[in-house]
Amino acid sequence: MSRTTIKIAGESGMGLVSVGTILSKALKRLGFYINLDREYPSLIKGGHSNVQIDFSKEPLHCLSQEVDVVMALDRVGLDEYVDTIREGGILVHGYEKRERLKDLEERAATRDVKLVYLPGRQVAFFHGGNELMVNMVLLGMMWKVLGFDLKVLEDQVSEQFASKPDLLKIDLEILRTGYAGEFACEGSDVEKVEFPEMEIEVPEEVPETILLDGNHAIALGAVQCGVRGYFVYPMSPASSILTHLALMAEKTGMVVKQAEDEITAAQMAFGAMFAGTRAFTGTSGGGYDLMTETITLAGMTETPLVTVVAQRPGPATGLPTWTGQGDLNLAIHAGHGEYPKIVVAASDQNSCFELIQHSFNLAEMFQVPVIFLTEKVVAETKSTVPTFATGDIEIHRGLVMDEEELQNLERTDRFKITESGVSKRWAPGSSETYYFGNGDEHLEDGRLTEEADTSRAMYAKRMKKMDAIFNCLPEPEVYGVNEKAEISFIGWGSTKNAMKDVIKECAADDIKVNYLHFEYVYPLKVDMLKKFIARNKNVCLIEGNYTGQFGDLIKLKLQDEGVLFKFKKRFLKYNGRPFFLEETMQFIIENKL
Amino acid sequence: MTCDPKNNCTEYLKGLAEKRAQYASFDNEEKITWCSGCGNMGIQNALKRAFSFEGLGVKDLLLCYDIGCNGNGSDKMGTYSLHGLHGRIISAAAGAAVANTNLKVIAIAGDGGTMSEGINHLVHAVRNDYPVLFVLHNNQNYGLTTGQASATTRKGYAMNGSPDGVTTEPMNPSEFALGLEPSFVARTFSGDMKHMTKIFREALNHKGFAFVEVMQVCPTYNKATPSKWFWDRLKFVEDIEGYNSADLEMAREAAHDMNDSLAMGILYRDPTMPSFMERLKSREGLETSILVDEVKHYDVSGFLEELQ
């Protein structure tokens with residue numbers, strides 16, 4: 001698969017995001033599939049950051065490590081990124097004190113990296129613009145380097161700055177100068193840019209896609225499945241779920257509430273679910289720590305509750321704006337006592353959109369908390385994806401709503417000990433038959449008990465829901481060849497995206513690779529897993545943490561089944577970055593049979 | 001309506017019997033586990049009286065209890081209840097109340113849960129004016145964990161865990177709430193059934209967050225302020241000349257004294273303050289009123305088109 005990777009580097013606040021948005025939309029208009037990721041520090045202004053866009057004629061799912069073209073908006077951008085450019089790649093910049101770049105030019109030359117330059121500020125000022133408009137000069141140059149039609153870019157710039165018509169006129173002039181690469185005005189140290197030519201084939205057709213990130217997809221999925229309340233405290237990388245739901249609220253009527261802390265957010269979502277609507281909350285690992293007592297209350301009172309946990313690496317504050325998969329054990333084990341629960345992990349936009357809907361169904365059908373894991377790279381990476389299928393996931397409330405049934409309930413129906421452990425649930429106020437939602441151990445009607453045999457029976461009633469849940473969850477999915485792969489992987493979450501691209505690359509090279517992907521990570525399904533390890537001899541783990549938490553879970557589960565299993569290799573990553581295409585390819589080449 | 005010998009009393013007696021039956025319907029089979037003389041019994045009964053007078057039945061009520069002695073009442077009243085976590089009940093109740101504004105949601109918590117563990121929830125519940133009646137059981141100690149000091153224990157008194165006496169000044173919950181620009185703050189006393197009932201009825205008719213502090217006796221652990229101590233100091237706002245419960249400054253001044261004269265009654269009320277739901281632009285002009293009835297498929301294709 002041929003892909004092109006471009007990067008816009010500079011300080012936060014220099015207009016990287018708007019350049020990224022313009023570029024991604026322009027590329028989308030040309031018919032490319034794109035993946036856009038933002039690497040940024042936990043600051044609003046200042047501090048170095050970049051926007052990376054991978055694009056291709058064919059669908060692509062992960063990011064690549066090496067870059068074809070870098071647009072450096074400042075000196076730091078030049079220094080930091082010149083060595084990440086692929087041999088023979090291009091560096092676009094407007095840094096005017098070129099005498100200071102001798103060393104950098106030499107470094108670039110050793111790897112045949114070509115520098116493309118116009119005096120950024122001079123061009124911007126010449127057209128009556130300001131310092132911030134340097135990005136338009138460079139954008140024009142980059143577009144020329146890529147070899148695409150200027151009109152497509154102009155349209156997107158016009159759309160982006162439509163609200164500021166005066167500035168837009170200047171922006172467009174600057175953009176055109178950059179694209180033309182000619183600036184013969186007094187004091188200019190370059191008259192005409194010699195653009196290196198990249199030969200990128202433009203797609204013949206423009207596929208029908210939508211461009212969004214995982215958080216946006218979660219918000220849309222929640223709206224679709226009838227969620228009426230979102231209670232939250234902001235925390236990266238979950239924060240933009242709030243943004244999207246709040247922006248949509250005027251049309252959806254949803255109650256979107258930023259609470260005073262994560263405990264409140266979880267309690268309000270819990271209270272709303274207890275009352276019988278659909279509501280949820282979202283946070284990252286640290287916020288989830290604060291929520292866990294509430295999650296146990298949901299477990300004890302058999303109240304459905306969905307919590308999105310968008311992972312970032314590290315304990316304490318860690319790396320707040322980077323990615324990782326270190327909170328699987330947190331999701332599975334957090335909370336005192338024992339209670340049934342489900343942990344799911346979204347991997348891409350479509351998965352976010354659908355899995356949030358399934359999560360509500362599962363939570364309500366089994367009256368348990370569902371922990372919905374994402375990662376920064378899933379939550380915030382924007383991609384072009386086929387538009388979502390709407391309305392085909394049925395809503396299952398697991399709630400007694402039939403008027404006749406509501407009239408014939410017994411108080412003990414609420415927590416009745418049944419074969420599956422699931423009892424009838426009805427909304428407070430919907431029936432004359434009341435019950436107590438009791439966080440203390442309780443009888444079948446919710447009255448408190450401390451009696452030994454009853455306590456034991458009620459404990460077991462709740463826990464045995466895990467069997468019913470296990471039986472209902474879907475098996476994991478195999479990507480790549482069905483059997484006898486030269487190398488196989490097992491993983492969850494965003495690793496699917498790296499594996500999908502890698503499998504395609506490998507197929508072209510005649511290397512047989514496959515990957516077993518889990519969306520439902522707890523309780524862990526085992527049939528397909530057993531088949532997969534029996535059919536493939538070189539099974540490795542791919543996971544974004546230090547200890548291989550999911551790998552351990554798999555090992556234990558197989559051990560329970562009487563299968564002794566050891567991963568041939570554990571491919572682990574925990575530096576805040578997602579699995580890139582190149583390193584995953586490298587791992588395969590080094591470790592395949 | 002009263003019974004006048006000149007009129008037929010049947011209607012009046014019928015109404016009374018209905019209320020009595022409704023009051024009795026809140027009983028259930030659970031045994032009371034509070035100490036003899038505990039203020040909780042009075043509070044619970046006053047709530048039942050208020051519900052009965054207001055014609056509120058099982059389908060209208062959700063009682064949400066915090067952890068503490070008050071929480072042991074969570075399965076003693078015959079209506080829907082939630083027994084949550086320590087310090088957090090205001091937030092859970094707010095979530096439930098927002099989800100179903102047809103329910104009267106009552107949150108009940110002690111001084112430990114409210115003024116220490118979960119004081120942030122109180123602060124923001126007042127600010128947001130969630131549609132909740134909040135009953136603070138202020139018995140000035142942690143009863144259920146056997147008499148430790150709370151934020152409202154009087155300075156100098158020896159408590160379990162503070163044998164040399166409490167070293168901090170007590171907080172004044174009503175005054176604290178009045179500092180948050182509330183819409184309703186009232187104070188009553190667990191020994192005064194009639195007054196409690198009256199205050200609860202008023203609070204049930206308030207559309208926003210109704211903060212009711214019940215000054216409560218704890219015969220087991222609070223020896224500092226027994227029943228007589230309270231009775232000697234109760235000062236009903238009706239008896240304060242020129243008292244105006246629409247005047248926040250006056251309320252703050254009245255609530256301040258906790259030693260000689262305890263202001264009782266509706267200290268402050270602003271019935272015009274828009275409640276939480278009324279402030280939400282997203283809820284303007286919607287046909288349905290409660291979130292519980294709105295769970296269904298929503299068409300997101302319009303939003304998806306914007307992303308093309």
| note | Going through (1) surrounded by fewer than 16 Cβ atoms within 10 Å (Cβ to Cβ); (2) within 30 Å of A:TYR117 (Cβ to Cβ); (3) under 34 Å from the mean Cα position of the chain (by Cα); (4) in the same structural domain as A:VAL123 (by TED's automatic domain parsing) one by one, A:SER163 fails only at (2)
| query | Identify, please: which residue in the range B:284-308 is without any contact (Cβ under 8 Å) to a residue 40 or more places away in the chain and among the aliphatic types (A, V, I, L, M) and is, among those, nearest to B:PRO274 (Cα to Cα)? | reply | B:LEU286
| field | Index of the failed condition, A:ASP501 passing every other in (1) touching a strand residue (DSSP E or B) at 6+ places or on another chain (Cβ under 8 Å); (2) crowded, with 19+ Cβ neighbours inside 10 Å | value | (1)
| note | By residue number, the members of the range A:252-263 that are more than 7 Å from every other protein chain (Cβ to nearest Cβ) and either part of a helix (DSSP H, G or I) or acidic (Asp, Glu) (or both) are A:GLU262
| request: Check A:GLY439, A:GLY429 and return the single one that is within 14 Å of another protein chain (Cβ to nearest Cβ), small (Gly, Ala, Ser), surrounded by 15 or more Cβ atoms within 10 Å (Cβ to Cβ) and touching a Lys or Arg at 6+ places or on another chain (Cβ under 6 Å). | output: A:GLY429
| task | Consider A:ASP501 carefully, then state whether it is among the acidic types (Asp, Glu) and free of Cβ contacts under 8 Å to residues at least 60 places away in the same chain. | result | no
| request: Residues being of a type in the set (Ser, Thr, Tyr) and within 24 Å of A:ASN471 (Cβ to Cβ): count how many of those fall in the range A:510-553. | output: 2
| request: Within the range A:375-422, count every residue that is among the polar types (S, T, N, Q), more than 10 Å from every other protein chain (Cβ to nearest Cβ), touching an Asp or Glu at 6+ places or on another chain (Cβ under 7 Å) and in a loop (DSSP other than H, G, I, E, B). | output: 1
| Checking A:PHE183 against (1) away from chain B (no Cβ under 14 Å); (2) over 17 Å from A:LEU115 (Cβ atoms), which single condition isn't satisfied? | (2)
| remark: Among (1) surrounded by 24 or more Cβ atoms within 10 Å (Cβ to Cβ); (2) under 21 Å from B:ARG187 (Cα atoms), B:GLU54 falls short only on (1)
| query | What number of residues within the range B:109-125 satisfy the criterion of being free of Cβ contacts under 8 Å to residues at least 60 places away in the same chain, surrounded by 24 or more Cβ atoms within 10 Å (Cβ to Cβ) and either away from chain A (no Cβ under 12 Å) or aromatic (Phe, Trp, Tyr) (or both)? | reply | 5
| Quick check, is A:ALA298 in the same structural domain as A:PHE372 (by TED's automatic domain parsing), in contact with a Ser or Thr (Cβ under 7 Å, 6 or more places away or on another chain) and not hydroxyl-bearing (Ser, Thr, Tyr)? | no
| message | Can you find a residue that is modelled with pLDDT of 90 or more, under 25 Å from B:GLU306 (Cβ atoms) and among the basic types (Lys, Arg) anywhere in the range A:94-101? | response | no
| query | Among the candidates A:ALA452, A:ALA468, which residue alone is aliphatic (A, V, I, L, M), more than 10 Å from every other protein chain (Cβ to nearest Cβ) and in contact with a helix residue (DSSP H, G or I) (Cβ under 9 Å, 6 or more places away or on another chain)? | reply | A:ALA468
| field | Members of the range A:226-251 that are more than 13 Å from A:THR307 (Cα to Cα), at the interface with chain B (Cβ under 7 Å from one of its Cβ atoms) and either small (Gly, Ala, Ser) or crowded, with 24+ Cβ neighbours inside 10 Å (or both) | value | A:GLY226, A:ARG228, A:ALA249
| field | Identity of the residue in the range B:50-75, polar (S, T, N, Q) and in a helix (DSSP H, G or I), that ends up farthest from the other protein chains (Cβ to nearest Cβ) | value | B:SER52
| note | Restricting the range B:76-102 to residues that are surrounded by fewer than 24 Cβ atoms within 10 Å (Cβ to Cβ) and farther than 18 Å from A:GLY439 by Cα, the one farthest from the other protein chains (Cβ to nearest Cβ) turns out to be B:THR101
| query | Mind checking whether some residue in the range B:229-247 is surrounded by fewer than 17 Cβ atoms within 10 Å (Cβ to Cβ) and either on the phi > 0 side of the Ramachandran plot or within 14 Å of chain A (Cβ to nearest Cβ) (or both)? | reply | yes
| field | B:ILE106, sole failed condition from (1) surrounded by fewer than 24 Cβ atoms within 10 Å (Cβ to Cβ); (2) more than 10 Å from every other protein chain (Cβ to nearest Cβ) | value | (1)
| Within the range A:100-146, how many residues are small (Gly, Ala, Ser), over 30 Å from A:PHE161 (Cα atoms) and under 36 Å from the mean Cα position of the chain (by Cα)? | 1
| So which residues in the range A:111-124 are under 17 Å from A:LYS169 (Cβ atoms) and touching an Asp or Glu at 6+ places or on another chain (Cβ under 8 Å), if there are any at all? | A:ALA124
| remark: Taking the range A:556-593 and keeping only residues that are more than 26 Å from the chain's Cα centre (by Cα), part of a helix (DSSP H, G or I) and either within 16 Å of A:ALA485 (Cα to Cα) or in the same structural domain as A:PRO313 (by TED's automatic domain parsing) (or both), one is left with A:ILE589, A:GLU590, A:ASN591
| Only one of B:ALA177, B:ALA186 that is part of a helix (DSSP H, G or I), of a type in the set (A, V, I, L, M) and buried (at least 24 other Cβ atoms within 10 Å of the Cβ) | B:ALA177
| task | Could you check B:THR288 against (1) at pLDDT 90 or above; (2) within 9 Å of another protein chain (Cβ to nearest Cβ); (3) in contact with a helix residue (DSSP H, G or I) (Cβ under 9 Å, 6 or more places away or on another chain) and say which number it fails? | result | (1)
| remark: By residue number, the members of the range A:108-154 that are exposed (fewer than 15 other Cβ atoms within 10 Å of the Cβ) and closer than 20 Å to A:VAL67 by Cβ are A:ALA109, A:THR110, A:ARG111, A:ASP112, A:GLY147
| field | Test set (1) within 14 Å of chain B (Cβ to nearest Cβ); (2) outside any loop (DSSP other than H, G, I, E, B) - A:GLY446 fails condition number | value | (2)
| Single residue of A:GLY31, A:GLY89, A:GLY77 found to be modelled with pLDDT of 95 or more and surrounded by 20 or more Cβ atoms within 10 Å (Cβ to Cβ) | A:GLY89
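The values are calculated or read from the model by the stated rules, or taken from the named source; none is laboratory data. Computed from a predicted structure; not experimentally measured. Methodologically, a virtual Cβ is constructed for each residue, glycine included, from the backbone with ideal geometry; neighbour enumeration extends over all protein chains shown.
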